[in-house]
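A short worksheet on the structure shown next.
The values are calculated or read from the model by the stated rules, or taken from the named source; none is laboratory data. Remember, predicted model here, so these are calculated numbers, not experimental data. With ideal geometry, Cβ positions are generated from the backbone for all residues, glycine too; neighbour counts draw on all protein chains shown.
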Amino acid sequence: MQASALAHPNIALVKYWGKRDTQRNLPAVGSLSVTLDTLATRMTVAFGVGDRDTLLVNGEEAPGMLGRVSRCLDDVAGADRSPVRVDSESNFPIGAGLASSASAFAALVVAADAAAGTNLDRLTLAQVAGAASGSAARSLYGGIVALDVDADQVGLSQLARVDEWPLAVVVAITDAATKPVGSGEGMIRSAETSPFYSSWVEQQANDLATARQAVASRDFKVLGEIAEHNCLKMHSVMWSSRPPIVYWNSATLACMESVRSLRADGEDVFFTIDAGPQVKAVCLPESRHAVADALAAIPGVEDTMIVGLGHGATVVEP
Ligand code: PMV
(Lines give C-alpha, C1' and ligand atoms only; values in the text may rest on other atoms or scores of the structure.)
Protein backbone atom coordinates (compact mmCIF):
# COMPACT_ATOMS: atom_id res chain seq x y z
CA MET A 1 0.00 0.00 0.00
CA GLN A 2 3.03 2.28 -0.47
CA ALA A 3 4.71 3.48 -3.66
CA SER A 4 7.01 6.25 -4.88
CA ALA A 5 7.10 8.13 -8.17
CA LEU A 6 9.38 10.67 -9.75
CA ALA A 7 8.22 13.47 -12.07
CA HIS A 8 9.85 16.48 -13.68
CA PRO A 9 8.46 19.98 -14.14
CA ASN A 10 7.55 21.09 -17.63
CA ILE A 11 7.86 24.50 -19.24
CA ALA A 12 5.16 25.69 -21.63
CA LEU A 13 6.21 27.19 -24.96
CA VAL A 14 2.57 27.91 -25.77
CA LYS A 15 1.06 28.84 -22.43
CA TYR A 16 -1.97 27.85 -20.41
CA TRP A 17 -3.53 30.93 -18.79
CA GLY A 18 -7.25 30.91 -17.98
CA LYS A 19 -9.87 28.38 -17.01
CA ARG A 20 -12.92 27.26 -18.97
CA ASP A 21 -14.43 25.70 -15.86
CA THR A 22 -12.99 26.66 -12.47
CA GLN A 23 -14.90 23.92 -10.64
CA ARG A 24 -13.25 21.19 -12.71
CA ASN A 25 -10.07 23.21 -13.34
CA LEU A 26 -10.52 22.81 -17.09
CA PRO A 27 -8.13 25.04 -19.11
CA ALA A 28 -9.62 27.69 -21.41
CA VAL A 29 -6.82 27.08 -23.91
CA GLY A 30 -4.57 24.28 -25.12
CA SER A 31 -0.82 24.42 -24.49
CA LEU A 32 2.48 22.93 -25.62
CA SER A 33 5.43 22.20 -23.34
CA VAL A 34 8.80 20.60 -22.88
CA THR A 35 9.33 18.23 -19.96
CA LEU A 36 12.66 18.87 -18.22
CA ASP A 37 15.18 16.47 -16.73
CA THR A 38 17.41 17.12 -13.66
CA LEU A 39 14.76 19.11 -11.73
CA ALA A 40 12.47 16.59 -10.06
CA THR A 41 9.86 15.88 -7.42
CA ARG A 42 9.86 12.52 -5.71
CA MET A 43 6.55 11.61 -4.08
CA THR A 44 5.90 8.70 -1.71
CA VAL A 45 2.29 7.75 -0.98
CA ALA A 46 1.45 5.33 1.85
CA PHE A 47 -2.20 4.34 2.34
CA GLY A 48 -3.46 3.20 5.76
CA VAL A 49 -1.06 5.31 7.84
CA GLY A 50 -2.64 7.26 10.74
CA ASP A 51 -6.23 8.41 11.05
CA ARG A 52 -6.11 11.41 8.70
CA ASP A 53 -4.22 12.50 5.59
CA THR A 54 -0.82 14.09 6.20
CA LEU A 55 1.48 15.84 3.77
CA LEU A 56 5.18 16.54 4.27
CA VAL A 57 6.92 18.80 1.75
CA ASN A 58 10.71 18.58 2.02
CA GLY A 59 10.27 17.16 5.53
CA GLU A 60 7.84 19.81 6.83
CA GLU A 61 4.06 19.58 7.27
CA ALA A 62 2.29 21.57 4.54
CA PRO A 63 -1.37 21.93 5.63
CA GLY A 64 -2.03 24.61 2.98
CA MET A 65 -1.64 22.14 0.11
CA LEU A 66 -3.36 19.22 1.83
CA GLY A 67 -6.89 19.87 0.53
CA ARG A 68 -5.81 19.72 -3.12
CA VAL A 69 -3.68 16.65 -2.47
CA SER A 70 -6.50 14.82 -0.66
CA ARG A 71 -8.99 15.59 -3.46
CA CYS A 72 -6.51 14.34 -6.03
CA LEU A 73 -6.03 11.10 -4.04
CA ASP A 74 -9.83 10.67 -3.89
CA ASP A 75 -9.91 10.93 -7.69
CA VAL A 76 -7.32 8.15 -8.02
CA ALA A 77 -8.31 5.76 -5.22
CA GLY A 78 -11.96 6.67 -4.49
CA ALA A 79 -13.40 8.82 -1.72
CA ASP A 80 -13.72 5.75 0.56
CA ARG A 81 -9.92 5.18 0.55
CA SER A 82 -7.98 4.92 3.80
CA PRO A 83 -5.96 7.86 5.20
CA VAL A 84 -2.69 8.58 3.49
CA ARG A 85 0.74 9.84 4.37
CA VAL A 86 2.35 11.74 1.49
CA ASP A 87 6.04 12.70 1.42
CA SER A 88 7.14 15.14 -1.27
CA GLU A 89 10.75 16.05 -1.94
CA SER A 90 11.76 18.53 -4.65
CA ASN A 91 15.32 19.44 -5.59
CA PHE A 92 14.41 22.97 -6.78
CA PRO A 93 12.53 26.04 -5.40
CA ILE A 94 8.79 25.56 -4.84
CA GLY A 95 6.12 28.10 -5.84
CA ALA A 96 8.59 30.33 -7.67
CA GLY A 97 7.44 29.89 -11.27
CA LEU A 98 9.42 26.70 -11.90
CA ALA A 99 6.37 24.47 -12.30
CA SER A 100 6.79 22.71 -8.97
CA SER A 101 3.05 21.96 -8.83
CA ALA A 102 3.29 20.24 -12.23
CA SER A 103 5.97 17.80 -11.08
CA ALA A 104 4.30 17.37 -7.69
CA PHE A 105 0.83 16.43 -8.93
CA ALA A 106 2.19 14.29 -11.78
CA ALA A 107 4.30 12.32 -9.28
CA LEU A 108 1.38 12.19 -6.83
CA VAL A 109 -1.09 10.52 -9.21
CA VAL A 110 1.47 7.97 -10.44
CA ALA A 111 2.55 7.07 -6.87
CA ALA A 112 -1.08 6.91 -5.67
CA ASP A 113 -2.11 4.70 -8.58
CA ALA A 114 0.75 2.28 -7.87
CA ALA A 115 0.14 2.30 -4.10
CA ALA A 116 -3.62 1.75 -4.47
CA GLY A 117 -3.20 -0.78 -7.30
CA THR A 118 -5.80 1.04 -9.41
CA ASN A 119 -3.85 0.70 -12.70
CA LEU A 120 -5.40 3.71 -14.38
CA ASP A 121 -4.22 4.48 -17.90
CA ARG A 122 -1.83 7.39 -18.50
CA LEU A 123 -4.42 9.72 -20.03
CA THR A 124 -6.76 9.23 -17.06
CA LEU A 125 -3.88 9.90 -14.65
CA ALA A 126 -2.98 13.02 -16.64
CA GLN A 127 -6.59 14.23 -16.44
CA VAL A 128 -6.68 13.64 -12.68
CA ALA A 129 -3.36 15.50 -12.20
CA GLY A 130 -4.68 18.28 -14.45
CA ALA A 131 -7.76 18.70 -12.28
CA ALA A 132 -5.39 19.64 -9.43
CA SER A 133 -2.91 21.72 -11.47
CA GLY A 134 -3.58 22.25 -15.18
CA SER A 135 0.07 22.07 -16.20
CA ALA A 136 0.63 18.84 -14.22
CA ALA A 137 -1.20 16.84 -16.90
CA ARG A 138 1.72 17.53 -19.27
CA SER A 139 4.35 16.14 -16.86
CA LEU A 140 2.87 12.65 -17.27
CA TYR A 141 4.58 12.65 -20.67
CA GLY A 142 8.19 13.24 -21.68
CA GLY A 143 9.84 15.26 -24.45
CA ILE A 144 7.58 17.75 -26.22
CA VAL A 145 3.94 17.52 -25.22
CA ALA A 146 0.67 19.06 -26.45
CA LEU A 147 -2.42 19.51 -24.32
CA ASP A 148 -5.65 20.03 -26.26
CA VAL A 149 -8.94 20.95 -24.72
CA ASP A 150 -12.40 20.34 -26.12
CA ALA A 151 -15.76 21.10 -24.58
CA ASP A 152 -15.34 19.07 -21.42
CA GLN A 153 -12.00 17.34 -21.22
CA VAL A 154 -8.31 17.53 -22.02
CA GLY A 155 -6.39 15.30 -24.40
CA LEU A 156 -2.62 14.85 -24.41
CA SER A 157 -0.12 13.84 -27.03
CA GLN A 158 3.63 13.44 -27.14
CA LEU A 159 4.84 15.39 -30.18
CA ALA A 160 8.51 14.37 -29.92
CA ARG A 161 10.34 11.95 -27.65
CA VAL A 162 13.40 13.21 -25.74
CA ASP A 163 15.80 11.62 -28.24
CA GLU A 164 13.86 12.89 -31.27
CA TRP A 165 14.60 16.57 -30.60
CA PRO A 166 16.99 16.94 -27.65
CA LEU A 167 16.63 20.66 -26.85
CA ALA A 168 18.38 22.24 -23.87
CA VAL A 169 16.95 24.74 -21.39
CA VAL A 170 19.01 27.21 -19.38
CA VAL A 171 17.05 28.22 -16.29
CA ALA A 172 18.07 31.60 -14.84
CA ILE A 173 16.87 32.11 -11.27
CA THR A 174 16.38 35.80 -10.54
CA ASP A 175 14.41 35.40 -7.29
CA ALA A 176 13.64 32.07 -5.66
CA ALA A 177 11.01 33.51 -3.26
CA THR A 178 7.41 32.31 -3.46
CA LYS A 179 5.42 34.24 -6.05
CA PRO A 180 3.03 36.96 -4.82
CA VAL A 181 -0.03 35.75 -6.78
CA GLY A 182 -0.68 32.04 -7.36
CA SER A 183 -1.46 31.00 -10.92
CA GLY A 184 -5.02 29.84 -10.13
CA GLU A 185 -5.98 33.16 -8.56
CA GLY A 186 -4.13 35.07 -11.30
CA MET A 187 -5.98 33.27 -14.10
CA ILE A 188 -9.38 34.04 -12.59
CA ARG A 189 -8.40 37.70 -12.15
CA SER A 190 -7.22 37.95 -15.76
CA ALA A 191 -10.42 36.39 -17.12
CA GLU A 192 -12.54 38.81 -15.08
CA THR A 193 -10.57 42.02 -15.65
CA SER A 194 -8.09 42.00 -18.55
CA PRO A 195 -9.46 43.69 -21.70
CA PHE A 196 -7.11 41.42 -23.70
CA TYR A 197 -8.24 38.11 -22.23
CA SER A 198 -10.79 37.18 -24.90
CA SER A 199 -8.38 37.78 -27.79
CA TRP A 200 -5.72 35.76 -25.92
CA VAL A 201 -8.14 32.81 -25.82
CA GLU A 202 -9.27 33.34 -29.44
CA GLN A 203 -5.73 33.38 -30.86
CA GLN A 204 -4.43 30.35 -28.99
CA ALA A 205 -5.49 27.76 -31.58
CA ASN A 206 -3.40 29.58 -34.20
CA ASP A 207 -0.34 29.79 -31.95
CA LEU A 208 -0.66 26.12 -31.10
CA ALA A 209 -0.96 25.10 -34.75
CA THR A 210 2.17 27.12 -35.60
CA ALA A 211 4.14 25.58 -32.74
CA ARG A 212 2.98 22.04 -33.55
CA GLN A 213 4.05 22.50 -37.16
CA ALA A 214 7.43 23.89 -36.03
CA VAL A 215 7.98 20.84 -33.81
CA ALA A 216 6.97 18.46 -36.61
CA SER A 217 9.48 20.07 -38.98
CA ARG A 218 12.10 20.64 -36.21
CA ASP A 219 12.09 24.34 -37.12
CA PHE A 220 13.76 25.96 -34.11
CA LYS A 221 13.45 29.52 -35.46
CA VAL A 222 9.68 29.35 -35.98
CA LEU A 223 9.22 27.60 -32.63
CA GLY A 224 11.19 30.38 -30.92
CA GLU A 225 9.24 33.17 -32.62
CA ILE A 226 5.87 31.77 -31.66
CA ALA A 227 7.01 30.86 -28.12
CA GLU A 228 8.31 34.37 -27.35
CA HIS A 229 5.21 35.96 -28.88
CA ASN A 230 2.90 33.68 -26.90
CA CYS A 231 4.84 34.29 -23.66
CA LEU A 232 4.73 38.08 -24.05
CA LYS A 233 1.04 37.90 -24.92
CA MET A 234 0.30 35.95 -21.73
CA HIS A 235 2.27 38.47 -19.67
CA SER A 236 0.37 41.32 -21.40
CA VAL A 237 -2.85 39.72 -20.19
CA MET A 238 -1.36 39.50 -16.69
CA TRP A 239 -0.11 43.11 -16.73
CA SER A 240 -3.47 44.40 -17.97
CA SER A 241 -5.41 42.61 -15.22
CA ARG A 242 -6.77 44.63 -12.31
CA PRO A 243 -4.93 44.77 -9.98
CA PRO A 244 -2.02 44.02 -12.35
CA ILE A 245 -0.06 40.79 -12.05
CA VAL A 246 3.61 41.55 -12.68
CA TYR A 247 6.00 38.70 -12.02
CA TRP A 248 9.13 40.21 -13.62
CA ASN A 249 12.02 42.02 -11.98
CA SER A 250 14.86 43.97 -13.57
CA ALA A 251 17.01 40.84 -13.97
CA THR A 252 14.13 39.15 -15.83
CA LEU A 253 14.19 41.98 -18.38
CA ALA A 254 17.99 41.92 -18.60
CA CYS A 255 17.88 38.15 -19.34
CA MET A 256 15.36 38.70 -22.14
CA GLU A 257 17.61 41.38 -23.61
CA SER A 258 20.62 39.08 -23.34
CA VAL A 259 18.76 36.28 -25.16
CA ARG A 260 17.91 38.69 -28.01
CA SER A 261 21.52 39.77 -28.31
CA LEU A 262 22.82 36.17 -28.16
CA ARG A 263 20.45 35.41 -31.01
CA ALA A 264 21.72 38.38 -33.00
CA ASP A 265 25.21 36.91 -32.50
CA GLY A 266 24.12 33.63 -34.05
CA GLU A 267 23.14 31.49 -31.03
CA ASP A 268 20.00 29.37 -31.38
CA VAL A 269 18.02 30.47 -28.34
CA PHE A 270 14.67 31.94 -27.30
CA PHE A 271 13.19 32.83 -23.91
CA THR A 272 10.04 31.97 -22.06
CA ILE A 273 8.78 33.09 -18.63
CA ASP A 274 5.99 31.65 -16.48
CA ALA A 275 4.20 32.84 -13.35
CA GLY A 276 7.41 34.01 -11.71
CA PRO A 277 10.53 36.08 -12.47
CA GLN A 278 12.75 33.21 -13.66
CA VAL A 279 13.76 33.10 -17.33
CA LYS A 280 13.99 29.85 -19.23
CA ALA A 281 16.20 30.11 -22.30
CA VAL A 282 15.42 27.26 -24.67
CA CYS A 283 18.33 26.49 -26.99
CA LEU A 284 19.84 23.97 -29.31
CA PRO A 285 22.39 21.92 -27.32
CA GLU A 286 25.39 23.57 -29.10
CA SER A 287 24.37 26.98 -27.72
CA ARG A 288 23.76 25.98 -24.11
CA HIS A 289 27.14 26.94 -22.59
CA ALA A 290 27.29 30.35 -24.31
CA VAL A 291 23.73 31.05 -23.13
CA ALA A 292 24.40 29.89 -19.56
CA ASP A 293 27.60 31.97 -19.32
CA ALA A 294 25.85 35.11 -20.61
CA LEU A 295 22.87 34.76 -18.26
CA ALA A 296 25.05 33.93 -15.23
CA ALA A 297 26.95 37.23 -15.73
CA ILE A 298 23.78 39.36 -15.43
CA PRO A 299 23.46 41.29 -12.14
CA GLY A 300 20.50 39.87 -10.20
CA VAL A 301 20.79 36.37 -11.65
CA GLU A 302 21.26 34.21 -8.54
CA ASP A 303 21.82 30.89 -10.23
CA THR A 304 21.70 29.21 -13.62
CA MET A 305 21.09 25.57 -14.48
CA ILE A 306 21.46 23.77 -17.78
CA VAL A 307 18.85 21.06 -18.15
CA GLY A 308 17.85 18.75 -20.95
CA LEU A 309 14.50 17.27 -21.84
CA GLY A 310 13.21 14.54 -19.56
CA HIS A 311 10.77 11.65 -19.42
CA GLY A 312 7.23 11.45 -18.10
CA ALA A 313 6.37 10.60 -14.49
CA THR A 314 7.33 7.05 -13.47
CA VAL A 315 7.18 4.73 -10.50
CA VAL A 316 10.53 4.42 -8.70
CA GLU A 317 11.86 2.31 -5.83
CA PRO A 318 10.64 3.63 -2.44
O1 PMV B 1 -0.84 24.56 -13.73
P2 PMV B 1 -0.79 25.85 -13.03
O3 PMV B 1 -2.05 26.17 -12.34
O4 PMV B 1 0.39 25.95 -12.10
O5 PMV B 1 -0.59 27.03 -14.14
C6 PMV B 1 0.51 27.12 -14.98
C7 PMV B 1 0.58 28.45 -15.63
C8 PMV B 1 1.84 28.78 -16.41
O9 PMV B 1 2.96 28.13 -15.85
C10 PMV B 1 2.06 30.29 -16.32
C11 PMV B 1 1.73 28.44 -17.90
C12 PMV B 1 1.83 26.98 -18.26
O13 PMV B 1 1.24 26.60 -19.29
O14 PMV B 1 2.52 26.21 -17.57
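See the values below:
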quantity	calculated
Qualifying positions in the stretch 258-274 - within 18 Å of residue 302 (Cβ to Cβ) and either over 20 Å from the mean Cα position of the chain (by Cα) or of a type in the set (A, V, I, L, M) (or both)	258, 259, 273
Residue 49 being more than 16 Å from the ligand (Cβ to nearest atom), more than 21 Å from the chain's Cα centre (by Cα) and not in a loop (DSSP other than H, G, I, E, B)	no
Qualifying position, being at pLDDT 95 or above, under 29 Å from residue 220 (Cα atoms) and more than 12 Å from the chain's Cα centre (by Cα), among 18, 78	18
Subset of the stretch 17-28 (residues that are crowded, with 21+ Cβ neighbours inside 10 Å and either within 9 Å of the ligand (Cβ to nearest atom) or free of Cβ contacts under 8 Å to residues at least 24 places away in the same chain (or both))	17, 27
Members of the stretch 159-178 found to be surrounded by 14 or more Cβ atoms within 10 Å (Cβ to Cβ) and β-branched (Val, Ile, Thr), listed by number	162, 169, 170, 171, 173, 174
Whichever residue in the stretch 270-304 is without any contact (Cβ under 8 Å) to a residue 60 or more places away in the chain and part of a strand (DSSP E or B) and, among such residues, is nearest to the ligand (Cβ to nearest atom)	271
Scope the stretch 183-202; condition part of a helix (DSSP H, G or I) and either within 15 Å of the ligand (Cβ to nearest atom) or touching a Phe, Trp or Tyr at 6+ places or on another chain (Cβ under 9 Å) (or both); matching residues	183, 184, 185, 186, 187, 188, 189, 190, 191, 197, 200, 201
Residue selected from the stretch 207-262 under the condition among the charged types (D, E, K, R) and not in a helix (DSSP H, G or I), by the criterion surrounded by the most Cβ atoms within 10 Å (Cβ to Cβ)	219
Qualifying residue in the stretch 31-38 (condition: farther than 22 Å from residue 113 by Cα, touching a His at 6+ places or on another chain (Cβ under 9 Å) and either within 10 Å of the ligand (Cβ to nearest atom) or assigned to a loop (DSSP other than H, G, I, E, B) (or both))	yes
Cβ-Cβ under 8 Å pairs, at least 6 apart or on other chains, the stretch 139-164 side over 13 Å from residue 30 (Cβ atoms), far side aromatic (Phe, Trp, Tyr)	139/105; 143/165; 144/165; 158/141
Filtered residues of the stretch 60-88 (kept if small (Gly, Ala, Ser) and either in contact with a strand residue (DSSP E or B) (Cβ under 6 Å, 6 or more places away or on another chain) or more than 16 Å from the ligand (Cβ to nearest atom) (or both))	62, 70, 77, 78, 79, 82, 88
Residue within the stretch 110-123 that is more than 16 Å from residue 3 (Cβ to Cβ), in contact with a helix residue (DSSP H, G or I) (Cβ under 8 Å, 6 or more places away or on another chain) and of a type in the set (Gly, Ala, Ser) present	no
Strands (runs of 3 or more DSSP E) fully within the stretch 89-179 counting 1 or more residues that are away from the ligand (no atom under 16 Å from the Cβ) and touching a Cys at 6+ places or on another chain (Cβ under 9 Å)	168-173
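Listed here are the residues, each with its yes/no results for (1) within 16 Å of residue 308 (Cβ to Cβ); (2) at pLDDT 95 or above.
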{"residue": "121", "(1), (2)": "no, yes"}
{"residue": "126", "(1), (2)": "no, yes"}
{"residue": "155", "(1), (2)": "no, yes"}
{"residue": "160", "(1), (2)": "yes, yes"}
{"residue": "163", "(1), (2)": "yes, yes"}
{"residue": "172", "(1), (2)": "no, yes"}
{"residue": "175", "(1), (2)": "no, no"}
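Results for (1) closer than 25 Å to residue 152 by Cβ; (2) crowded, with 22+ Cβ neighbours inside 10 Å, shown as yes or no for each residue.
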| site | (1), (2) |
| --- | --- |
| 2 | no, no |
| 7 | no, yes |
| 11 | no, yes |
| 15 | yes, yes |
| 36 | no, yes |
| 50 | no, no |
| 76 | yes, yes |
| 80 | no, no |
